[in-house]
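To start, the structure itself, in structure tokens.
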Amino acid sequence: MAHRVIIRNEKVLHILDNPHHLAAYAADVWVEFASRTIKQKGRFTVALSGGKTPFELYALLSRRTDVRFWTSTHIFLVDERYVPRTHQESNYHLLKETLLRHPAIPARNFHHINTEKKDIKESATEYEDGLREFFSLKKNEFPGFDLILLGLGEDGHTASLFPAEEVPGEHTRAVVAVERKGKLSSRVTLTLPVINNASGILFLVTGKHKAPIIKRIMSEPECTLPACLVKPVHGELAFLLDKDAASELSDPGATIYDKPLPWM
Ligand code: 6PG
């Protein structure tokens, strides 16, 4: 499978031929990351995004037999739409239909966001309290996930951090409610300080419709879109793109490798 790595404005981009190759490579990164982390720390914590892009990765992981150590793997959500668990838009539902079908994943290792509270803010507080307890955090500390998987919206949003809203600027809370009116579902999301505190952050982006926003993120030096504010404090960040999502990038000034590099 063709795999190019481009380093552009200090951003590492892995470009795969198509979404299937991208899902397979992301699964390899997961396996390597989880195995290494569990050897070192005894457990692996990962926060997963919803949306359409990661569907194939989650389905693939649920079938791969080389992904082991499930009892030491803790799966959290990056964000959740405030809809019932059985709703098509629910990220809980997405994971139940894919990754969580893996017979070896203990139910207690999946940490969902409760969408049955009367007030969405209570749901955000409950999720944050759960994270504080799980990670044994002191006041002012943020959870340190081993890996966070993010998607990218055509408007530059990531997680449920949307451009021109207040939430991307949140710097004290680990989890917040994003209340929205009309057809759009309200959401509960991890905040930037949590995302940026992860050891590994991986964006998964596919399709021609994402090419313009990828071009913008990679070339605007003063970009303030939420996705541009993802800048790990001590960890590593990489973008996994398919050829279509990378189709508007030009290469001048970039360092190009024609084979995969070790991710970290
Ligand atoms: C969600 C995500 C959101 C998503 C992007 C990309 O649950 O919706 O957190 O940030 O990753 O909107 O979505 P697609 O993968 O569907 O393009």
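So for the stretch 73-94 (the condition being in a helix (DSSP H, G or I), over 20 Å from LEU190 (Cα atoms) and open to solvent by 80 Å² or more (accessible area, probe 1.4 Å)), does at least one residue qualify?
Of the stretch 73-94, the ones in a helix (DSSP H, G or I) are 91-94.
The next check asks that each one be over 20 Å from LEU190 (Cα atoms); those that pass are none.
Within the stretch 73-94, none of the residues are in a helix (DSSP H, G or I), over 20 Å from LEU190 (Cα atoms) and open to solvent by 80 Å² or more (accessible area, probe 1.4 Å).
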Query raised in the report: So which residues in the stretch 57-72 are part of a loop (DSSP other than H, G, I, E, B) and open to solvent by 20 Å² or more (accessible area, probe 1.4 Å), if there are any at all?
Result: ARG64, THR65, ASP66, ARG68, PHE69
Requested in this report: Only residues that are under 20 Å from the mean Cα position of the chain (by Cα) and part of a helix (DSSP H, G or I): list them for the stretch 102-122, please.
Outcome: ASN109
Requested in this report: Search the stretch 148-170 for residues being more than 23 Å from PHE76 (Cα to Cα) and without any contact (Cβ under 8 Å) to a residue 40 or more places away in the chain, and hand back the single one that is surrounded by the most Cβ atoms within 10 Å (Cβ to Cβ).
Outcome: GLU165
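Select from the stretch 166-199 the residues that are among the basic types (Lys, Arg) and modelled with pLDDT of 95 or more and write down the one among them that is nearest to the ligand (Cβ to nearest atom).
Let us first name the residues in the stretch 166-199 that are among the basic types (Lys, Arg), namely 173, 180-181, 183, 187.
Next, only the ones that are modelled with pLDDT of 95 or more stay: 173, 187.
Working: ARG173: 17, ARG187: 7 Å.
Only one residue tops the list, namely ARG187.
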Query raised in the report: Is there a residue being touching a residue at least 40 places away in the same chain (Cβ under 8 Å), open to solvent by 10 Å² or more (accessible area, probe 1.4 Å) and in contact with an Asp or Glu (Cβ under 6 Å, 6 or more places away or on another chain) anywhere in the stretch 11-24?
Result: yes
Report task. State which residue is least open to solvent (accessible area, probe 1.4 Å) when the search covers only the stretch 171-211 and only residues that are among the β-branched types (Val, Ile, Thr) and in a loop (DSSP other than H, G, I, E, B). Result -> THR191
Query - the stretch 131-147, residues that are in a loop (DSSP other than H, G, I, E, B) and open to solvent by 40 Å² or more (accessible area, probe 1.4 Å) - result: SER136, LYS138, LYS139, ASN140, GLU141, PHE142
Requested in this report: Could you grab me the full set of residues in the stretch 45-56 that are in contact with a strand residue (DSSP E or B) (Cβ under 7 Å, 6 or more places away or on another chain) and either assigned to a strand (DSSP E or B) or more than 9 Å from the ligand (Cβ to nearest atom) (or both)?
Outcome: THR45, VAL46, ALA47, LEU48
**Report entry** Failed criterion for THR125 (all others in (1) open to solvent by 10 Å² or more (accessible area, probe 1.4 Å); (2) in contact (Cβ under 8 Å) with a residue 40 or more places away in the chain; (3) over 26 Å from ARG173 (Cβ atoms); (4) of a type in the set (Ser, Thr, Tyr) hold)
**Finding:** (3)
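The values are calculated or read from the model by the stated rules, or taken from the named source; none is laboratory data. Every value quoted in this text rests on a predicted model; they were computed, and no experiment measured them. FYI the Cβ positions are ideal-geometry reconstructions off the backbone, even for glycines, and counts take in every protein chain you see. The accessibility values were calculated without ligands, DNA or RNA, using every heavy atom of the protein model including side chains. Shrake-Rupley method; radii C 1.70, N 1.55, O 1.52, S 1.80 Å.
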